[in-house]
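*Asks:* Provided herewith is a single structure, encoded as structure tokens, for subsequent inquiry.
Nothing in this text is a laboratory measurement; each read-out follows from the coordinates by a stated rule. Computed from a predicted structure; not experimentally measured. Glycine gets a Cβ as well: all are built from the backbone with ideal geometry, and neighbour counts include every protein chain shown.
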Number of protein chains: 2
Amino acid sequence: MKKLLLFLLLSPLSMIAQSNIDSIYIKNISNEILRNGKAHDLLRILTKEIGGRLAGSPQFSKAVEWGASALKNAGANKVFLQECMMPNWQRGGKDNAIIIQINKNKTSRALDVLALGNSMGSGGKPVIAEVIGVADFADLEAKKELVKGKIVYFNYKFNPTNIHPFTSYGEVGQYRRNGPSAAAKYGAVGVMIRSLTEATDNNPHTGATAYDEAFPKIPAVALGGYDADYIWELCNKTAITVSITTNGHFLPDAKGHNVVAELTGTTYPNEYIAIGGHLDSWDVNEGAHDDGAGIVQTIEVLRTLKALGYQPKHSLRFVLFANEENGLKGGLKYAEEAKAKNENHIFALESDEGGFTPRGFGFTMSENQLAKVKAWLHLLQPYGTETLNMGGGGADIGPLKTAFGTALGGLIPDAQRYFDIHHARSDVFENVNKRELLLGAVNMAALIYLIDQYGL
Amino acid sequence: MKKLLLFLLLSPLSMIAQSNIDSIYIKNISNEILRNGKAHDLLRILTKEIGGRLAGSPQFSKAVEWGASALKNAGANKVFLQECMMPNWQRGGKDNAIIIQINKNKTSRALDVLALGNSMGSGGKPVIAEVIGVADFADLEAKKELVKGKIVYFNYKFNPTNIHPFTSYGEVGQYRRNGPSAAAKYGAVGVMIRSLTEATDNNPHTGATAYDEAFPKIPAVALGGYDADYIWELCNKTAITVSITTNGHFLPDAKGHNVVAELTGTTYPNEYIAIGGHLDSWDVNEGAHDDGAGIVQTIEVLRTLKALGYQPKHSLRFVLFANEENGLKGGLKYAEEAKAKNENHIFALESDEGGFTPRGFGFTMSENQLAKVKAWLHLLQPYGTETLNMGGGGADIGPLKTAFGTALGGLIPDAQRYFDIHHARSDVFENVNKRELLLGAVNMAALIYLIDQYGL
């Protein structure tokens, strides 16, 4: 037995023997994370002691300090901050929408709304107007003559028959981003949208909108599911008047930071592999899944590799990105700095689809690179990864591709619950499961290990 | 194009063309369930209007009535009840455990406990004794001389490094089932166990114990995670005395019923395929995942096949089984009746591992049958099924195998969260996600469709 072991260790390593070594190493990674993982405890602190941390908020600055400290504690060789200027959108107070007239009867039925991120407020007084409901952009076009002076309500829904909720999110996202200006183009004075969710509750979901500078920046709010159903039914059968008061505005850009930790490579110190998530979140929740999960998984991967005494071949960067939600200034800054210092990034991995049970990774890379990655599938399958396919990455690491042609990967968790809580008040610590969160980190660490060992 | 279609339809159906037809039919099943599924609404009624429904309770009888009505509404050709006698265990009141002495100091620290199902109460007065902590059965053996007159605490934990939580459950289950009698054998007067969970809360988890008739039936309770940690630490460093009061007892066996619906087969009416879950639950929660989910998925499969106008070749049975949790009398009764009437069951499917995102099915069948099922993998993969492997079934359908050699299958959902809520107060409707629940039904309906079409 000893002789066999010696033979296996000393002979030119066959691929099978190497695969066994990798399999054992990955099992060690998994055991370390599932036994001693700190991700869930770190997430409790980030969500409960710091909370929502929109770019420009005091909480964001607190999160930067916390992140630097957590990365140091996890064993980074060095931790540094990268300063960047971030948009500083302020919600400015409570968002209100009230139905004040149904048919010709006065009423006062409050709707549960959240102003869309980056949207402008109603100017210190309510916007009061009749509501015109539209099913989608085509319906808006058909009714464009009727829109002037009205509040447009977009009822576009998630398609429940898509098995993967991100497909549905991709379809409806345009209404949050472009709905306000599409309506303003025809003279609308305000916009309401159905929240981007299939949740069976009435929580409204915020998220960034993007005004077209050519049109007035009208107030825009999202409705929860029950209120959306109610408004749609009502405005299809009678005239209703709604009063919207929002307070969104921008302060001068705020100073923010990416938090970056490094494990310096032993063989290729000038070739980098980055792994990260975004540190900012919306203001209305704890940013637990979005993207506290990605942050604590990133720290967990670092902690685990250090705990196992892993000496990476490439330099590994663990990045807590600033300002993904409403500006992407952190991701842009990281790539810009890397480019300026000629820090060639061969691969970058992001976790920003929630801390749910992992089911695979999606990639933006060459077919040859993907073929190499797919050959590792059997090593990841025991931990829940079932697909390693083309298509994926992450917003924050996207600029690295532009800068270096970096190959990108994104963790794909089981996202059936994601849009129940995404950008809503319900994205809180209690809705993250410890084992699911840790298993994401297991798969991430295993993938990083394989890419570090064998390159792409 | 039309000619090609005609050719495909009229030519002796090639396997590929048939596979396309199946693929389209399964997509129709999926669309029907994800658009119009009633499972989530039915679960709300079962959990919120009926609630916990232990065998023998008035709620169980109410659930039988509700189930018969729900199956009729879903479109069954016929619905009938099968009477069976069920054990009638009563918790009998609030379970209490209090630390009353630490070292030599009096104290009064309440522990959050639940008596194990089928366990006997403390006889109208507390059992008061010193606690001896043991890590496992081997440790109990080592300390057997010290056990007499004591309360034994079993600290055996879930192994967090198992990727599949049912593996860990399988390992720890013996402490709940056999722990009380193992301790009584050496003269213990009471037992406490660490709950069978890794949950990050302090909820105790009940579940059936099984006394060995050779030894006294001593009171037995489960502790939540925090209290378990506390007791283990404490009893390893000092003497502690605990007072346990429980009230478990059996009333005479109660009349119960399986609820059975049928879609009669058009080609093989005398060959049966059964699909089911169990209608009973523990008394301390709403039985939402365990097994409300399996119940409403079963009804959903029936509703969907009827809504699509499906004419099954075999007779399909939709069974809401009685008394899985503490007796299995429903499953035994169903197989007994089927055997008496010579209703040959070629396949039975159970859903009793929670209403989470489906990831596959496990089977107990011949290798040849499994090979046939595996050939359908590509048809199920778009809906989340990734594995069709040997190993699986369900407690309620097990007796069919004994009776007919029936091939068995069990839905395998993603169970990472299951043992957080399993048999605990937290198994409530709010912890079931609508999309995850419906996707389980999609995969179940698709599998039943394929087996009905092609047999095994």
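*Asks:* For chain B, state what percent of all Cα-Cα pairs lands in each successive 20 Å bin, counting from 0 Å until the bin that includes the largest distance.
*Replies:* 25, 50, 21, 3, 0
*Asks:* Which of B:GLU286, B:GLU233, B:GLU350, A:GLU271 comes first, and how do the rest follow, when ranked by fewest Cβ neighbours within 10 Å?
*Replies:* Fewest to most other Cβ atoms nearby, the residues stand as B:GLU233, A:GLU271, B:GLU286, B:GLU350.
*Asks:* Let me ask something else. With the crude spin-label approximation of a point 7 Å out along Cα→Cβ, what separation in nm comes out for A:ASN73 versus B:GLU145?
*Replies:* 4.6
*Asks:* Follow-up question, since we're still on this one. Determine the shape class of the protein assembly as shown: with a ≥ b ≥ c the square roots of the Cα gyration tensor eigenvalues, call it rounded for a/c under 1.5, and otherwise prolate if a/b is greater than b/c, oblate otherwise.
*Replies:* rounded
*Asks:* Let me make sure I get this right: for segment B:93-249, a, b and c are the square roots of the gyration tensor eigenvalues over alpha carbons, sorted descending. Under 1.5 in a/c it's rounded, otherwise prolate if a/b > b/c, else oblate. Which is it?
*Replies:* In terms of gyration-tensor shape, rounded.
*Asks:* Starting with the highest mean, order A:34-41, B:395-402 by the number of other Cβ atoms within 10 Å, averaged over the residues of each peptide.
*Replies:* Going from most to least packed, we get B:395-402, A:34-41.
*Asks:* Can you give me the Cα centroid spacing of segment A:193-231 and segment A:354-404 in angstrom?
*Replies:* That distance is 32 Å.
*Asks:* For B:ASN159 and B:ILE21, compute 0.36 nm times the residue count separating them, minus their Cα-Cα distance, and round to one decimal in nm.
*Replies:* Length gained, B:ASN159 through B:ILE21: 45.2 nm.
*Asks:* Which residue is it, in chain A, that holds its beta carbon closest to the axis of the A-onto-B rotation, and how many whole angstrom away?
*Replies:* Reported as residue, whole Å: A:GLU386, 2.
*Asks:* Follow-up question, since we're still on this one. What Rg and what Dmax come out for segment B:178-315 when only alpha-carbon atoms are used, in angstroms?
*Replies:* Reported Rg and Dmax, both Å: 22.4, 71.
*Asks:* Please report, in cubic angstrom per residue, the volume enclosed by the convex hull of the alpha-carbon atoms of segment A:131-221.
*Replies:* 91
*Asks:* Mind listing the long-range amide H neighbours of A:ARG359? Cut-off is under 5 Å, sequence gap 5 or more, other chains count too, H placed in the peptide plane at 1.01 Å from N.
*Replies:* A:ILE412, A:ASP414
*Asks:* How much length is gained on full extension from B:HIS378 to B:GLN90, taking 0.36 nm per residue of separation minus their Cα-Cα distance?
*Replies:* 98.9 nm
*Asks:* At a threshold of 8 angstrom on Cα-Cα distance, excluding pairs fewer than six apart, so keeping six or more, what relative contact order does segment A:92-247 reach in percent?
*Replies:* That works out to 39 percent.
*Asks:* Evaluate E = 1/(1 + (r/R0)^6) for B:LYS106 and A:GLU65, where r is the Cβ-Cβ distance and R0 equals 45 Å; express this FRET efficiency to the nearest 0.05.
*Replies:* Efficiency computed from Cβ-Cβ geometry: 0.45.
*Asks:* Can you list the distances in nanometres, one decimal and ascending, from the A:SER366 label point to the identical position in each other copy, with the point 7 Å along Cα to Cβ?
*Replies:* 5.1
*Asks:* Which distances in nm, rounded to one decimal and ordered from shortest, link the label point of B:ASN28 to the equivalent label points in the other identical copies, with labels set 7 Å from Cα toward Cβ?
*Replies:* 5.6
*Asks:* Between B:GLN311 and A:PHE166, what is the FRET efficiency for a Förster distance of 25 Å, r being their Cβ-Cβ separation, to the nearest 0.05?
*Replies:* 0.10
*Asks:* Additional query: By the scheme Lys and Arg +1, Asp and Glu -1, what is the net charge of all other residues having a beta-carbon under 13 Å from that of B:ILE346?
*Replies:* Its environment carries a net charge of +1.
*Asks:* Could you give, in nm with one decimal, how far A:GLU336 is from each other copy of that position, shortest first, with labels 7 Å out from Cα toward Cβ?
*Replies:* The projected label point of A:GLU336 is separated from its counterparts by 7.8 nm.
*Asks:* Taking the alpha-carbon distance from B:LYS144 and a cut-off under 15 Å, which aspartates and glutamates remain once sequence neighbours fewer than 8 residues away in the same chain are dropped?
*Replies:* B:GLU130, B:ASP136
*Asks:* What FRET efficiency comes out for the pair B:LYS185/B:ALA340, r = Cβ-Cβ distance, R0 = 30 Å, nearest 0.05?
*Replies:* That gives a FRET efficiency of 0.15.
*Asks:* Restricting to Cα pairs below 8 Å that are 6+ residues apart, what does the relative contact order work out to for segment A:348-453? Please round to a whole percent.
*Replies:* The value is 41 percent.
*Asks:* Oh, and also: Okay, helix-only estimate at 222 nm for chain B: each DSSP H run of n ≥ 4 adds -39500 (n - 2.57), divide by all residues, round to 500 deg cm²/dmol; what do you get?
*Replies:* Computed ellipticity for chain B at 222 nm equals -11000 deg cm²/dmol.
*Asks:* Can I ask one more? Can you give me the relative contact order of chain B as a percent, contacts being Cα pairs under 8 Å and 6 or more apart?
*Replies:* 21
*Asks:* Using the Karplus curve 6.51 cos²θ - 1.76 cosθ + 1.60 with θ = phi - 60°, what ³J(HN,Hα) values do you get for each residue of segment A:384-399, in whole Hz, with x for Gly and Pro?
*Replies:* Working through the residues one at a time gives x, 5, 10, 10, 10, 10, 6, x, x, x, x, 4, 5, 8, x, x Hz.
*Asks:* What share of all Cα pairs of segment B:84-124, in percent, falls into each consecutive 10 Å distance bin?
*Replies:* Bin by bin from 0 Å, the calculated values are 24, 38, 25, 9, 4, 0.
*Asks:* Å³ per residue of the Cα convex hull, for segment A:52-154?
*Replies:* So the per-residue hull volume is 183 Å³.
*Asks:* Which links in A:LYS48/B:LYS94; B:LYS125/B:LYS148; B:LYS104/B:LYS150; A:LYS48/B:LYS237 stretch past 27 Å when you go from one Cα to the other?
*Replies:* Pairs exceeding 27 Å: A:LYS48/B:LYS94; A:LYS48/B:LYS237.
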